Amino acid sequence: MRVLVLCEYPSLNGGEHSLLEAARHIAPEQVSWLFAAPPAGPLAQRLQQAGWLHEPLICTDAMGRRTPRDTLRRRLAALIRHYRPQVVHANSVSMARLAGPVVRDLDQPSIGHLRDILRLSAGALHDLAAHRRLLAVSVATRDWYRAQGGPGARIVVAYNGVDLERFAPRAPTGYLHTELGLDRRVRLVGTIGQLGLRKGTDLYVAAARQLAERDPAVHFLIVGQRYSRKDESRAYEQRLRAQAEDGVLRGRVHFLGVRTDVDRLLVELTVYVHAARQEPLGRVLLEAAATGLPVVATDVGGTREIFAGAQPSALLVPPDSSAQLAQGVERILNEAALRHELGHAARRRAAAVFDVRQAATRLVEHYVEIARGAHGRGDRT
């Protein structure tokens, strides 16, 4: 079965990582992959390494200006006519919107992936409804779009998966302490994600200040970068960096940029913090859980679904409260038994619900069903 995957950005964000990880666990005889994606960047490099067919799709110019929709839709229609895929998979809300009129006109079996929680216009919802099935990354995401008037039963939950062998509990090696020139007795607290208001990086820095005032033996890591080119996003990052160099935080907040060693890096942390103001289903939370790392996270979007279960597997706090974030982190730092309990419970939860092999199997099932003419149906989460 040939599947045409539509990707908008050249970077490797959560949605791209999740799909590529699932694709890696799908046998070539089951799916022949074709990606329409920007011609250069980390995503293009990964596709080349995997040996998957890649057709260039330029969605923005060098200044970040979007390619006109009509131009992109003509390009998509030409690709579909040329390659005749059994299924088109639009791997984001924006690409699902873009492809909607094209697949409707061509009567092309397709899937749209709802990886963000966004407020959409009636026109955008109409475009999404052109797909035979919409995969929501969490129950919270599904319910959000159903409440907006999305196509009801066609929106089903498909959890992302995590590689349980790559992300697994291991003894720390201290390599990160060496890299940063820190004594091994220093405890590391970290967060990973795009630098931005939605991910709550400012809340993390504010919580770090409160913790730093009470504990001199803790340092704070920020892994990721700003992708937005908007002036307000640039100003946001500048404020973050200024705050991280002010007073008690000077020399104790480390901006590490984009890393390719996240699996090793997580093992070196004592606590992982996720301060997002909105989160459909945070991929790095799955990775932290699989690593057996105790987590403090804001209770937003699909985060509660990751850590659901009879036994607590994370400390969840209200959004927009740096004080409660700091209190949660401090509690984990000070209570070894709690660290052990949360880490073990998180690993068990990840293994039971978020194994990437399960996610890959379900994705193939969706493709087969859609190619055979099925539309929406009940969730199997």
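Does the stretch 351-371 contain any residue that is touching a residue at least 12 places away in the same chain (Cβ under 8 Å), over 30 Å from residue 154 (Cα atoms) and within 23 Å of the chain's Cα centre (by Cα)?
Initial filter on the stretch 351-371 (touching a residue at least 12 places away in the same chain (Cβ under 8 Å)): 351, 353-360, 362-364, 366-371.
From what is left, the residues that are over 30 Å from residue 154 (Cα atoms) are none.
No, every residue in the stretch 351-371 fails to be touching a residue at least 12 places away in the same chain (Cβ under 8 Å), over 30 Å from residue 154 (Cα atoms) and within 23 Å of the chain's Cα centre (by Cα).
Go through the stretch 193-215 and report how many residues are under 30 Å from residue 230 (Cβ atoms), of a type outside the set (A, V, I, L, M, F, W, C) and assigned to a helix (DSSP H, G or I).
5
Looking only at the stretch 332-349, decide whether some residue is closer than 20 Å to residue 253 by Cβ and either surrounded by fewer than 24 Cβ atoms within 10 Å (Cβ to Cβ) or out of contact with any His (no Cβ under 9 Å at 6 or more places or on another chain) (or both).
There is at least one residue in the stretch 332-349 that is closer than 20 Å to residue 253 by Cβ and either surrounded by fewer than 24 Cβ atoms within 10 Å (Cβ to Cβ) or out of contact with any His (no Cβ under 9 Å at 6 or more places or on another chain) (or both).
Could you please let me know if residue 274 is within 14 Å of residue 224 (Cα to Cα), in contact (Cβ under 8 Å) with a residue 12 or more places away in the chain and crowded, with 24+ Cβ neighbours inside 10 Å?
Criteria met by residue 274.
May I ask you to verify whether residue 260 is touching a strand residue (DSSP E or B) at 6+ places or on another chain (Cβ under 6 Å), without any contact (Cβ under 8 Å) to a residue 40 or more places away in the chain and among the polar types (S, T, N, Q)?
Details: touching a strand residue (DSSP E or B) at 6+ places or on another chain (Cβ under 6 Å): no; without any contact (Cβ under 8 Å) to a residue 40 or more places away in the chain: yes; among the polar types (S, T, N, Q): yes.
It is false that residue 260 is touching a strand residue (DSSP E or B) at 6+ places or on another chain (Cβ under 6 Å), without any contact (Cβ under 8 Å) to a residue 40 or more places away in the chain and among the polar types (S, T, N, Q).
Looking at the stretch 204-231 only, could you name the residues that are over 18 Å from residue 251 (Cβ atoms) and in contact with an Asp or Glu (Cβ under 7 Å, 6 or more places away or on another chain)?
Matches in the stretch 204-231: 226 only.
Return the only residue of 128, 211 being modelled with pLDDT of 95 or more and in the same structural domain as residue 8 (by TED's automatic domain parsing).
The conditions single out 128.
Check whether at least one residue in the stretch 47-65 is surrounded by 15 or more Cβ atoms within 10 Å (Cβ to Cβ), outside any helix (DSSP H, G or I) and acidic (Asp, Glu), and report yes or no.
Within the stretch 47-65, one or more residues are surrounded by 15 or more Cβ atoms within 10 Å (Cβ to Cβ), outside any helix (DSSP H, G or I) and acidic (Asp, Glu).
I'd like to check something: does the stretch 25-42 contain any residue that is in a helix (DSSP H, G or I), within 17 Å of residue 162 (Cβ to Cβ) and either modelled with pLDDT of 95 or more or of a type outside the set (Gly, Ala, Ser) (or both)?
Initial filter on the stretch 25-42 (in a helix (DSSP H, G or I)): 42.
Narrowing further to those that are within 17 Å of residue 162 (Cβ to Cβ): none.
Checked the stretch 25-42: no residue is in a helix (DSSP H, G or I), within 17 Å of residue 162 (Cβ to Cβ) and either modelled with pLDDT of 95 or more or of a type outside the set (Gly, Ala, Ser) (or both).
Taking the condition among the small types (Gly, Ala, Ser) and within 24 Å of residue 369 (Cβ to Cβ), does residue 100 pass? Explain how you work it out, then say what you get.
Numbers: among the small types (Gly, Ala, Ser): yes; within 24 Å of residue 369 (Cβ to Cβ): yes.
Against the criterion (among the small types (Gly, Ala, Ser) and within 24 Å of residue 369 (Cβ to Cβ)), residue 100 qualifies.
Counting only residues that are exposed (fewer than 15 other Cβ atoms within 10 Å of the Cβ) and not in a helix (DSSP H, G or I), which one in the stretch 228-254 is modelled with the lowest pLDDT?
Here the answer is 229.
The values are calculated or read from the model by the stated rules, or taken from the named source; none is laboratory data. Only a predicted model underlies this, so the values are computations on that prediction, with no experimental measurement involved. For neighbour counting, all protein chains shown are included, and Cβ atoms are generated from backbone atoms with ideal geometry for every residue, glycine included.
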